[in-house]
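Remarks on the structure that follows.
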Amino acid sequence: MTPAINWDVVVTGAMSGIIFNLALDYFAKPRLEARKEEILEAHRSRRELLATTIRITYAAAFVCGDMPDGVDPTVRGNVYVEQDRQYERLQEEVQRLADDVGRYASTFPSPLLALVNGYVTTLQGVLLSARSRTEQAAVIQQLAGAMAITLSSPRRWQFWKVVARGRALMEARRLIAEHTAAAA
């Protein structure tokens, strides 16, 4: 005896599957794709913020670097020219960061959003201050270095990396508070 096929059950199952897949394609997938793109853009912005912070740290380190006595005058002149170029680059990077701070800061939760805003405004304030270029660069190097560690995301969670990021976060907050209070 052969089993009888209940075609009503087969057709109902097929129709349910088709309706479900169409509903998923038209209603759920566009939202999921939009959310995925939003998440990818946030990660791109964070990586860009980190890269800019590292460039700022490098430029500031070069500007505040000292030359030992007895350096050949030609070399000294070349270094001064490069320090001038790096200072201009530092100013450009900070200005670009300030222009795009909304895009960067909006990718972080509230406490880090305030930190990123404070970081950028402190960088701008230091560059606008009456300090010498070397002093400006030294302050910016400290702050940008702490922020670079804070913003870096470790590939693997290791205790010492978490501790280092925590210390850098506290240092960045301290420097922002110190230089914000000094400007007031």
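The values are calculated or read from the model by the stated rules, or taken from the named source; none is laboratory data. Since the model is a prediction, treat every value here as computed from it, not as a measurement. All Cβ positions, glycine included, derive from the backbone under ideal geometry; neighbour counts span all protein chains shown. Each accessible area value is taken on the protein alone, full model and side chains, heavy atoms only, with ligands, DNA and RNA left out. Shrake-Rupley method; radii C 1.70, N 1.55, O 1.52, S 1.80 Å.
Which ones in the range 151-171 are under 19 Å from residue 43 (Cα atoms), among the charged types (D, E, K, R) and at pLDDT 80 or above?
165
Among (1) loosely packed, with under 11 Cβ neighbours inside 10 Å; (2) within 25 Å of residue 99 (Cα to Cα), where does residue 10 come up short?
Here residue 10 clears every test but (2).
Within the range 50-67, can you find the residues that are in a loop (DSSP other than H, G, I, E, B) and open to solvent by less than 40 Å² (accessible area, probe 1.4 Å)?
64, 65
Can you name every residue in the range 143-153 that is open to solvent by 10 Å² or more (accessible area, probe 1.4 Å) and within 11 Å of the chain's Cα centre (by Cα)?
148, 149, 150, 151, 152, 153
Against the condition closer than 23 Å to residue 129 by Cβ, among the hydroxyl-bearing types (Ser, Thr, Tyr) and either in contact with an Asp or Glu (Cβ under 7 Å, 6 or more places away or on another chain) or loosely packed, with under 11 Cβ neighbours inside 10 Å (or both), how does residue 74 come out, does it pass?
For residue 74, the condition - closer than 23 Å to residue 129 by Cβ, among the hydroxyl-bearing types (Ser, Thr, Tyr) and either in contact with an Asp or Glu (Cβ under 7 Å, 6 or more places away or on another chain) or loosely packed, with under 11 Cβ neighbours inside 10 Å (or both) - is not met.
Looking at (1) more than 11 Å from the chain's Cα centre (by Cα); (2) buried (at least 19 other Cβ atoms within 10 Å of the Cβ), which is the only condition residue 116 fails?
Every listed condition holds for residue 116 apart from (1).
Might you check whether a residue that is free of Cβ contacts under 8 Å to residues at least 60 places away in the same chain and in contact with an Asp or Glu (Cβ under 8 Å, 6 or more places away or on another chain) occurs anywhere in the range 104-123?
yes
Select from the range 119-142 the residues that are small (Gly, Ala, Ser) and open to solvent by 10 Å² or more (accessible area, probe 1.4 Å) and list them in ascending order.
Correct list: 125, 129, 130, 132, 138.
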